[in-house]
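Contents: one structure, followed by commentary.
Readers should treat all values here as calculations from the given coordinates under stated rules, not as data from a laboratory. Small disclaimer: the values here were computed from a predicted structure and weren't measured. Neighbour counts run over all protein chains shown; Cβ positions are idealised from the backbone, glycine included.
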Amino acid sequence: MKNDLIRFDWAMKRLLRNKADYIVLEGFLSELMEEDIIIDSILESEGNQETASDKFNRVDILVKNQKGEYVIIEVQNQLEYNYFQRMLYGTSKVLTEYISLGESYQHVKKIYSVNIVYFDLGQGADYVYHGKTNFKGIHQYDKLELSGKQKVFLGEDKTPSDLFPEYYIIKVNQFDDVARNTLDEWIYYFKNNEIKDNFKAKGLEYAKEILKVDKMSKSEQVSYKNHIVNLMDEASRERTLEMEAIIKEREIGKKEQSIETAKNFLTMGLSIEQVAKGTGLTVDEVKALTK
């Protein structure tokens with residue numbers, strides 16, 4: 001293995017669910033959200049389940065902070081074209097599961113969706129994105145705010161966007177390995193499984209101690225090594241499929257170009273045999289173009 005620190009997805013699944021180790025997740029979330037996050041509890045999530053498909057592909061964890069808000073942290077290793085819909089489904093699922101039937105909407109809690117992805121999700125030059133819901137007037141272009149009475153009910157500092165789910169996306173592979181701030185130090189660890197001695201981000205110092213591979217039991221080390229191999233195999237399989245798709249697309253493009261050239265040759269009066277020889281098409285394929 002490249003170095004002696006455990007990957008973050010494996011740590012979430014196996015190591016960071018004990019209250020004594022919450023400091024690691026608290027540190028990461030504090031740096032990401034730019035406020036001191038204290039975890040009250042870690043709740044059941046899909047990532048707790050052991051299935052054949054989750055052994056390498058993804059892991060998620062559901063956190064409840066001391067303000068009663070929910071934070072979904074998900075690591076996705078492989079390309080998934082409908083991942084945005086997955087994010088939306090995840091927040092919707094938590095929203096409906098953690099409010100009892102018949103309860104007032106006042107009890108709906110804030111939800112954050114934190115997504116650490118190892119593929120190029122969407123199209124954009126940055127490697128960290130933050131999404132919120134804002135309401136803007138289509139005529140006056142003003143921003144919708146809470147009324148005075150709503151602020152008494154919900155809080156003076158609240159805005160409508162504070163009530164809706166928020167989304168964070170960290171595109172790990174787009175990070176250039178230059179840690180410009182403490183959040184970047186966390187992303188550097190996500191990408192390289194390494195925490196440099198001069199890193200100062202919250203939670204990293206403790207993570208550096210508890211996430212050492214050599215601190216795992218022998219059986220855990222074997223499982224972890226198998227996890228890394230699975231990741232490599234899956235990445236190789238995905239790359240092979242990508243290359244096959246590229247090759248097929250190029251072949252289709254060449255075929256279409258040959259057909260267009262053949263049509264031009266036919267209009268110039270060349271014989272079917274000459275056109276076939278000049279374009280690489282079969283005689284039957286050229287004949288079909290004359291019909």
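For the peptides 185-197, 21-33, what is the packing order when you average, over each peptide's residues, the other Cβ atoms within 10 Å and list the highest mean first?
Sorting 185-197, 21-33 by mean packing, highest first, produces 21-33, 185-197.
Got a sec? How would Tyr89, Tyr168 order by Cβ neighbour count within 10 Å, fewest to most?
Tyr89, Tyr168
With runs of 4+ DSSP H residues as the only contributors, calculate the mean residue ellipticity of the chain at 222 nm using -39,500 (n - 2.57) per run, divided by the residue total and rounded to the nearest 500.
-14000 deg cm²/dmol
Using 1/(1 + (r/R0)^6) with R0 = 51 angstrom and r between the beta carbons of Val178 and Asn264, what's the FRET efficiency to the nearest 0.05?
0.45
Taking the stretch 54-94 on its own, what percent of its Cα-Cα pair distances exceed 16 Å?
Value for the stretch 54-94 (Cα pairs over 16 Å): 42 percent.
Please compute the contact order of the chain in relative form: average sequence separation of alpha-carbon pairs under 8 Å and at least six residues apart, divided by the residue count, as a percent.
Computed over the chain, the figure is 18 percent.
Which one, Lys19, Lys248, Lys171, has the greatest fluctuation when you compute a Gaussian network model over the chain with C-alpha springs under 10 angstrom?
Looking only at Lys19, Lys248, Lys171, the biggest GNM fluctuation is shown by Lys248.
Using a cut-off of 25 Å between alpha-carbon atoms, which lysines can reach Lys67, once sequence neighbours fewer than 8 places away in the same chain are excluded?
Straight-line reach from Lys67, under 25 Å: Lys13, Lys19, Lys93, Lys109, Lys110, Lys132, Lys149, Lys151, Lys158, Lys202.
Calculate how large, on average over all directions, the projected area of the Cα convex hull of the stretch 152-196 is; give the answer in nm² to one decimal.
Here the figure is 4.8 nm², rounded to one decimal.
Would you mind checking the tilt of helix 182-192 against the longest principal axis of the Cα atoms of the chain, expressed as 0 to 90 degrees and rounded to 10?
Tilt relative to the chain: about 50 degrees.
Using the beta-carbon distance between Lys149 and Ser41 and R0 = 30 Å, what value does 1/(1 + (r/R0)^6) give for FRET efficiency, to the nearest 0.05?
Between Lys149 and Ser41 the formula returns 0.35.
In 5 Å bins starting at zero, report the fraction of Cα pairs in the chain per bin as a rounded %.
1, 4, 9, 12, 14, 13, 10, 7, 6, 5, 5, 4, 4, 3, 2, 1, 0, 0
Which value, in Å³ per residue, describes the convex hull spanned by the Cα atoms of the stretch 76-165?
Each residue corresponds to 153 Å³ of Cα convex hull volume.
Under a GNM of the chain (C-alpha, springs under 10 Å), which listed residue has the highest mean-square fluctuation: Lys64, Lys151, Lys255?
Maximum among the listed residues: Lys255.
Less than 13 Å apart at the alpha-carbon level, and either on another chain or at least 8 residues along: which aspartates and glutamates does that give for Lys196?
Asp4, Asp177, Asp184, Glu185, Glu205, Glu209
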